[in-house]
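Notes for the one structure printed next.
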Amino acid sequence: MARIRDMWQTWSTQRAGRGSLAEVLLDDFPGVALLTDAYGVVLRVNPGCERYCGSPAKALIGRRITSLDVDPLHGDISHALAHCVARRRPWQGVLLCRRADGRLIHQDAVFQPLASGSSEPLRLLVTLHDVTELRQRALHDHTLLERLQGTLSRLPGVVFQLRQDARGRLDFLYFSDGLRALAGLSAGAVMDRADALLERVQGEDREALVTSLAQSAVSLQPWELEFRLDTPEGPRWLEGRASPTRRGDGITLWDGLLLCITSRKQEEQRTQRLVSTDMLTGVLNRRAFFDAGEAVRARAARQGRSVPLAMLDLDHFKRINDAHGHAVGDLTLQAFATTCRDCLRPYDLLARLGGEEFVVMLVDTLPEDAWSVLDRLRAEVEAIEIEIADTTLRITVSLGLAVLPPEGSLDLALSQADQALYRAKHEGRNRLAGPTDVPGVREGEQQ
């Protein structure tokens with residue numbers, strides 16, 4: 001207690017030596033502090049004002065405060081003074097002032113009306129603090145920010161920052177201006193509600209998006225994904241790339257870029273169609289059939305289902321080429337392929353393996369139903385009429401049916417179908433031959 005009492009006495013003595021607290025504050029104020037009347041005439045000014053405005057304190061007393069303004073008659077100080085006097089409320093803002101040496105400076109100003117009795121004249125306390133350097137730095141930063149925003153808006157993509165909190169909730173902290181052109185959404189709408197964008201990601205692609213982000217959050221490895229987004233102009237392909245960082249509070253941030261790759265994907269799809277399509281008939285080629293067939297086989301195996309497939313061969317095709325020429329032979333193959341596609345569902349596989357030999361894989365069809373589907377196809381082919389010169393050409397097809405079991409081999413099933421096709425040819429052509437284990441069907445039976 002004695003120590004506290006001694007400290008208090010020391011402080012009191014020092015304060016008494018320097019005057020009142022108000023005087024201490026006025027003496028040490030780091031700027032200009034003035035007391036004015038309601039007309040802006042300076043009544044008192046802090047001793048250190050010359051350092052901040054260039055004019056000695058004595059030179060300011062008795063002058064109007066508007067003399068500090070760039071435009072003493074119609075400048076901002078006149079408006080601030082009038083506002084404060086008329087409303088009896090404080091005014092605060094940045095003013096452009098002129099020092100005594102002519103240099104222009106920006107001052108952060110506060111005009112504060114002082115409480116007084118009804119019979120006492122209004123007094124104003126005005127403080128000015130030089131913020132020229134701060135303003136210059138702010139303008140410099142603003143210029144840099146505008147330049148950066150302009151650069152980002154011209155990028156062939158959209159820059160973003162995505163945040164995932166400790167509970168796994170996603171929200172966007174930033175999106176550059178290109179988002180509207182890319183997705184038809186404003187950056188503000190997506191930053192307010194992340195699902196405004198995420199809900200437009202197409203079904204299975206959204207699952208891949210969520211999964212890939214979760215993996216990136218755990219491993220802190222770069223995130224990369226191609227996905228489809230529904231926009232007012234239709235679906236678009238986007239490519240997303242981002243680098244994750246983990247903060248100490250458990251929040252994960254991704255800084256990344258979204259690019260529109262629709263044109264590239266369309267070109268890839270066109271190229272894939274060219275690579276996977278038989279150029280003459282427009283059906284799958286041999287390579288594409290084995291790729292797609294393996295995918296069908298794998299899916300059926302997971303579901304424990306068998307898949308029927310058949311080999312098809314046009315009867316006496318060599319005679320057509322020899323008698324009418326290869327151009328008619330090509331026309332015949334095209335008519336045959338068109339008829340097969342019309343008889344099958346869009347998701348069934350139809351491919352040309354070579355020459356006049358084709359293969360069909362019936363997706364999601366029970367083995368016992370395959371016979372009627374294929375025999376109807378055989379009958380439709382028999383009804384084809386190809387007009388050449390003064391002759392009508394008719395064709396027939398032989399088919400060999402096999403069943404690919406859940407754990408079976410595609411190559412083995414094709415071999416069995418080929419053997420069944422041989423039997424159909426041997427038994428007279430224009431018929432369907434199949435395995436003996438298809439319910440209700442006898443080997444070599446034609447329906």
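The values are calculated or read from the model by the stated rules, or taken from the named source; none is laboratory data. Computed from a prediction, not measured in an experiment: that's the story for all the values here. Positions of Cβ are backbone-derived with ideal geometry, glycine not excepted, and every protein chain shown enters the neighbour counts.
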State which residue pairs qualify: first residue of a type in the set (D, E, K, R) and inside region 392-413, second residue surrounded by fewer than 20 Cβ atoms within 10 Å (Cβ to Cβ) in any location, beta carbons under 7 Å apart, and separation of 6 or more residues or different chains.
-> R394/I384; R394/E385; E407/A301
Condition test on R123, is it of a type in the set (K, R) and either touching a strand residue (DSSP E or B) at 6+ places or on another chain (Cβ under 9 Å) or modelled with pLDDT of 90 or more (or both)?
-> yes
Looking at this structure, is Q303 among the polar types (S, T, N, Q), more than 31 Å from the chain's Cα centre (by Cα) and surrounded by fewer than 12 Cβ atoms within 10 Å (Cβ to Cβ)?
-> yes
Out of (1) touching a residue at least 12 places away in the same chain (Cβ under 8 Å); (2) loosely packed, with under 14 Cβ neighbours inside 10 Å; (3) more than 18 Å from P121 (Cβ to Cβ), the odd one out for P56 is which?
-> (1)
Working only within region 343-398, note down all residues that are surrounded by fewer than 21 Cβ atoms within 10 Å (Cβ to Cβ), acidic (D, E) and assigned to a loop (DSSP other than H, G, I, E, B).
-> D348, D364, E385, D390
Name the one entry in S212, S263 that is under 19 Å from A181 (Cβ atoms) and not aliphatic (A, V, I, L, M).
-> S263
Any chance region 315-327 includes a residue that's surrounded by 14 or more Cβ atoms within 10 Å (Cβ to Cβ), among the aromatic types (F, W, Y) and modelled with pLDDT under 95?
-> yes
State all residues of region 64-95 that are surrounded by fewer than 16 Cβ atoms within 10 Å (Cβ to Cβ) and charged (D, E, K, R); if no residue qualifies, say none.
-> D71, R87, R88, R89
Counting only helices (runs of 4 or more DSSP H) wholly inside region 1-88, the ones holding at least 1 residues that are at pLDDT 90 or above and not hydrophobic (A, V, I, L, M, F, W, C) are 76-87
When you scan region 271-315, how many residues do you find that are in contact (Cβ under 8 Å) with a residue 24 or more places away in the chain and among the β-branched types (V, I, T)?
-> 4
Specify which of the listed residues (D249, D255) is part of a loop (DSSP other than H, G, I, E, B), touching a residue at least 40 places away in the same chain (Cβ under 8 Å), assigned by TED's automatic domain parsing to the domain that holds Y174 and of a type in the set (D, E, K, R).
-> D249
Which residues, taken from region 215-234, are surrounded by 14 or more Cβ atoms within 10 Å (Cβ to Cβ) and of a type outside the set (D, E, K, R)?
-> S216, A217, W223, L225, F227, L229, T231
Take L198 and decide whether it is modelled with pLDDT of 90 or more, touching an Asp or Glu at 6+ places or on another chain (Cβ under 8 Å), assigned by TED's automatic domain parsing to the domain that holds T231 and under 16 Å from L257 (Cα atoms).
-> no
Scanning region 40-74 residue by residue, the ones that are under 17 Å from V94 (Cβ atoms) and either among the hydrophobic types (A, V, I, L, M, F, W, C) or not assigned by TED's automatic domain parsing to the domain that holds H106 (or both) total 4
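Residues checked against (1) out of contact with any Asp or Glu (no Cβ under 7 Å at 6 or more places or on another chain); (2) surrounded by fewer than 11 Cβ atoms within 10 Å (Cβ to Cβ); (3) at pLDDT 90 or above:
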| residue | (1), (2), (3) |
| --- | --- |
| E239 | no, no, yes |
| R246 | yes, no, yes |
| T252 | yes, no, yes |
| T271 | yes, yes, no |
| T281 | yes, no, yes |
| F290 | yes, no, yes |
Working only within region 269-284, note down all residues that are closer than 16 Å to E356 by Cβ and of a type in the set (V, I, T).
-> T281, V283
Consider V45 carefully, then state whether it is surrounded by 17 or more Cβ atoms within 10 Å (Cβ to Cβ) and touching a Pro at 6+ places or on another chain (Cβ under 8 Å).
-> no
So L238, is it in contact (Cβ under 8 Å) with a residue 12 or more places away in the chain and part of a strand (DSSP E or B) = yes
